[in-house]
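What follows is a set of notes on a single structure, which appears directly below.
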Amino acid sequence: MTFFKFQILFTGLLLLCANAVSAQEHVESRGADDAKMAWWREAKFGMFVHWGVYAATGGEFRGEMPTNSAEWMMNKAKIPIADYKIENVDKFNPSQFDAKTFVGLAKQAGMKYLVITAKHHDGFAMFHSTCSPYNVVDATPFKRDVMKELAVECQKQSIRFGFYYSQCQDWHHPGGMGNNWDKTIKRVSFDEYVKEKAAPEIKQLLTEYGPISIFWWDTPRDMSKEAFESLHSSTNLQPGIITNDRLGKEHRGDHKTFERNIPRKGPVGADWEVCMPISGSWGYKKSDTKFKSIPTLIRNLVDIASKGGNYLLNVSPTGEGTLLPDATERLQAMGQWMKINSASIYGTTGSPFGKLDWGRCTKKAYAKGSTLYLHVFDWPEDGKLFVPGLNNEIEQAYLLDGWQALETSSTDGGVTVALPEEAPDEIASVVVVEVHGKLDITPVLPKPSKDGSLELLADMAYLHNNEGSEDLSLLEEKHGGDSYLSRWSDAEAWAEWSFTIDKPGTYEVSAEVSLKEKKTSFRFGLQGQLQSAEVESTGKLSKYTETSLGTIEIEKAGEHTLLIKPEKESWNPMNLKKIVLKAQ
Ligand code: JFZ
């Protein structure tokens, strides 16, 4: 069979599967790749593994701990290749490593896929590379192809398997990027590195390790078209493989990546994933005790799912080849929660609501109705869970843990679910609400209080910042209870707030801001009637003052949107806590 025919057959099979699913469930379409992305969207939760020879010393170099994240030790301590070999490569002997136990732990946690560093920036191949002896089989006392062992085991345990590969940075090959400290390197071109090492290694990974579901590029840098093409083309070797957005600047891949932080809102119409270390460092670091708490980890998973994304949670095997008990315990606790609650995570899509006071929501939409999974973080003391704006007829409501039926009552503003006194789970209890028909939810917008003033807080803003990517800097951050817009260095990034009013008229607009530079200018107001404003320095970014910006006319009652857009020529970064509208 030709490769082309094979591909048609394969795509056909995938489409068949996808159709079988959509008969029951209306998965939100995100375009041409629906069939290919189906398993990944369903999965929601994966394990990321940073494992390399840096783990042999736990990120330490001759008694010094040079870096926050252990896999960067060679770079941060400017370790020559020869010394890295003596201190790390020669000492890498993880005799306790057992692929079966390791993959079993991912499975126990409820993770559906595993992505591991086949080669990180240090250039060391954690597989039996056929083009460079700088690899775990030929260069370490361990001599075992750990990628092969994991690939085999993942297949056995039905965990999707993927490789992380640092395609541009390679601190070992003389053509790789990033090593500017080892003066013994006799430089060759980057294209030569791609030809001699990156391309053949990637090809090997995609042909000799069974089915590979994910290829996870990292740290894109400028490269020639030819280099880009030779790396990119390899991914065709695995039909249906999913790639991230970090191959090159113009390469969008199949999904966006968010690093360490969860975006406030998921990007619209795109697949995305948050990768995050379970502790502080990606690679195993001896002194790293910054393990995230079990509640944080579970709530992160829920939070990400409620925004429509996937959670790729990183763990860091030690030089012995095992995880620390801190990591194991956390994964097991997540697994315990998932055992009861996974129906509220797998195969769900993002919340149809705005911000919910008590927690998060995920959903599954079907032809005849929808299932809402209400994740209650803060169990209401009065036993009444209010779901704002929900207008649908309720078919039934119950606790996911134990299926205890719950009474509901509908009012104008939404639905109230009567809860038992005790939360089934202190971290996140799931209340399932099944509704009839197409989802009908009235967005709950802020409106003026009785005295006629309306507060638009930072955490209510919609930010136009390319979903928090680095290229448009503007973030909403929390600091001791307060939320504020910050790091607004980019004049292309802007903010908007939607609200409703019942009294048309003149409103005075003021803003609580801070500003280090002398002054900054921007435009503000309703769409189509923006006006200029300027605010003066408050001395430092941590000092806020309330300043009047001017007045605006609101001609109709109902829904409106107020914007703030930097003035490109005269913008200086300001922080903003809130906007206040006062009826005149
Ligand atoms: C990269 C690596 O340098 C790091 O060691 C780790 O593997 C991580 C998963 O990826 O680090 C990055 C990459 C991208 C950003 C930040 C750190 N980013 O886009 O903000």
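The values are calculated or read from the model by the stated rules, or taken from the named source; none is laboratory data. Note that this is a predicted model, so its numbers are computed, not measured. Cβ sites come from the backbone with ideal geometry, for glycine too, and all protein chains shown count toward neighbours. Accessible surface areas use protein heavy atoms only, side chains included; no ligands, DNA or RNA. Shrake-Rupley method; radii C 1.70, N 1.55, O 1.52, S 1.80 Å.
Between Lys225 and Ser537, the C-beta separation translates, for a Förster distance of 51 Å, into a calculated FRET efficiency of about 0.60.
Straight-line reach from Lys286: taking Cα to Cα under 19 Å and skipping same-chain neighbours fewer than 8 places apart, the aspartates and glutamates in range are Glu60, Glu64, Glu71, Glu87, Asp90, Asp122, Glu320, Asp326, Glu329.
Rounded to the nearest 500, the 222 nm mean residue ellipticity of the chain from helices alone is -5500 deg cm²/dmol, with -39,500 (n - 2.57) taken per DSSP H run of at least 4 residues. Each part reduced to its alpha carbon centroid, the range 514-564 and the range 384-434 end up 40 Å apart.
Put the Cα centre of the range 230-246 next to the Cα centre of the range 320-348 and the gap is 29 Å. Assuming charge only on the beta carbon of Lys and Arg (+1) and of Asp and Glu (-1), the dipole of the range 30-344 about its Cα centre is about 740 debye to the nearest 20.
The H on the amide N of Trp272, modeled in the peptide plane, is under 5 Å from the matching H of Lys256, Asn310, each at least 5 residues off or on a different chain. With K and R counted +1 and D and E -1, the other residues having a Cβ less than 12 Å from that of Arg252 yield a net charge of -2.
For Lys578, the residues whose amide H sits under 5 Å from its own are Glu512, ignoring neighbours fewer than 5 places away on the same chain, with H placed 1.01 Å from N. Checking the Cα-Cα distances for Lys44/Lys156; Lys518/Lys565; Lys112/Lys384; Lys519/Lys577; Lys156/Lys364 against a 24 Å cut-off, the pairs over it are Lys112/Lys384; Lys156/Lys364.
The fraction of accessible area contributed by carbon and sulfur in the chain is 50 percent, rounded to a whole number (1.4 Å probe; ligands and nucleic acids excluded).
Over the Cα atoms of the range 30-344, what is the Rg over Rh ratio if Rh follows Kirkwood?
0.94
The GluC sites (Glu not before Pro) of the range 542-584 meeting both criteria, a DSSP state outside H, G, I, E and B (loop) and at most 12 other C-beta atoms within 10 angstrom of the site's C-beta, are Glu555. Shape descriptor for the range 359-436: Rg over Rh equals 0.93 (Cα atoms; Rh from the Kirkwood inverse mean 1/r).
Lys107 sits among other residues whose Cβ lies under 13 Å from its own Cβ, and their net charge, with Lys and Arg +1 and Asp and Glu -1, is +4. Over the chain, with a single point scatterer placed on each C-alpha, what log10 of the ratio I(q)/I(0) does the Debye formula yield at q = 0.10, 0.11 1/Å? Evaluating at q = 0.10, 0.11 Å⁻¹ gives log10 I(q)/I(0) of -0.99, -1.15. Rounded to the nearest 10 degrees, the angle from helix 325-341 to the longest Cα principal axis of the chain is 50 degrees. Please check which bits of the range 541-577 a label hung off Lys447 would reach, taking the label as a point 7 Å along Cα-to-C-beta and the cut-off as backbone N under 19 Å. Counting backbone N atoms under 19 Å from the label point, the list is 554-562. The long axis of helix 3-22 is offset from the longest Cα principal axis of the chain by roughly 40 degrees.
Please work out how much length the chain gains when fully extended from Ser489 to Lys438, using 0.36 nm per residue of separation minus the C-alpha to C-alpha distance, in nm with one decimal. Spell out each step's value before the answer.
Values: separation 51, 0.36 × 51 = 18.36 nm, distance 4.17 nm.
Residue separation times 0.36 nm, minus the Cα-Cα distance, leaves 14.2 nm.
Phi angles of the range 126-138 translate, via the Karplus equation with coefficients 6.51, -1.76, 1.60 and θ = phi - 60°, into HN-Hα couplings of 8, 9, 7, 4, 8, 10, 9, x, 7, 8, 4, 7, 8 Hz per residue; Gly and Pro are given as x.
When you restrict to C-alpha pairs under 8 Å that are six or more residues apart and normalise by the size of the range 163-243, the relative contact order lands at 36 percent. Checking the cross-link pairs Lys447/Lys543; Lys195/Lys290; Lys265/Lys285; Lys256/Lys540; Lys36/Lys307; Lys285/Lys578 against a 30 Å limit on the alpha carbon distance flags Lys195/Lys290; Lys265/Lys285; Lys256/Lys540; Lys285/Lys578 as lying beyond it. A cut-off under 13 angstrom between Cβ atoms defines the neighbours of Lys143, and their net charge, with Lys, Arg +1 and Asp, Glu -1, is -2.
For the chain, the longest principal axis of the C-alpha atoms and the axis of helix 294-306 are separated by about 70°.
Given axes a ≥ b ≥ c from the Cα gyration tensor, I'd like to know whether the range 238-287 is rounded (a/c under 1.5), prolate (a/b larger than b/c) or oblate. Taking the square roots of the gyration eigenvalues as a ≥ b ≥ c, the range 238-287 is oblate.
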